[in-house]
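*Asks:* Structure incoming, see below.
The values are calculated or read from the model by the stated rules, or taken from the named source; none is laboratory data. Treat the numbers as computed from the prediction; the structure is a model and nothing was measured. For neighbour counting, all protein chains shown are included, and Cβ atoms are generated from backbone atoms with ideal geometry for every residue, glycine included.
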Amino acid sequence: MRDKLLHFAAGAIIAAPITWIGYPINAVIVAGLAGIAKEYIDKATGRGTPELADFIATVMGAAVVAALLTH
């Protein structure tokens, strides 16, 4: 659970400044790309466990922040 919260927070942190300057969709896309990259690095290096749920948590953090900052 802690790991998913960290992924959620990372997505939120990535998305906040991009959303703040007016690009909420781009913020979610960039966070998603970062999530994909992180999971790929986990798989390639063997130093982490690549999980779809981690990617989803990252994107959800970005989506929540994008939604909150645009309304």
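*Asks:* Can you tell me which residues in the stretch 6-35 are more than 9 Å from the chain's Cα centre (by Cα) and under 11 Å from residue 58 (Cβ atoms)?
*Replies:* 6
*Asks:* Determine, yes or no, whether residue 7 is at pLDDT below 95 and either assigned to a helix (DSSP H, G or I) or not aromatic (Phe, Trp, Tyr) (or both).
*Replies:* Considered against the rule, which asks whether it is at pLDDT below 95 and either assigned to a helix (DSSP H, G or I) or not aromatic (Phe, Trp, Tyr) (or both), residue 7 comes out as no.
*Asks:* Name the single residue that is farthest from residue 2 (Cα to Cα) among those in the stretch 13-71 being outside any helix (DSSP H, G or I) and not β-branched (Val, Ile, Thr).
*Replies:* If we take residues in the stretch 13-71 being outside any helix (DSSP H, G or I) and not β-branched (Val, Ile, Thr), then 22 is farthest from residue 2 (Cα to Cα).
*Asks:* Quick one: in the stretch 39-61, which of the residues that are of a type in the set (Asp, Glu) and touching a helix residue (DSSP H, G or I) at 6+ places or on another chain (Cβ under 6 Å) is surrounded by the most Cβ atoms within 10 Å (Cβ to Cβ)?
*Replies:* It comes out as 54.
*Asks:* Looking at the stretch 1-38, which of the residues that are among the charged types (D, E, K, R) and surrounded by 14 or more Cβ atoms within 10 Å (Cβ to Cβ) is nearest to residue 66 (Cα to Cα)?
*Replies:* 4
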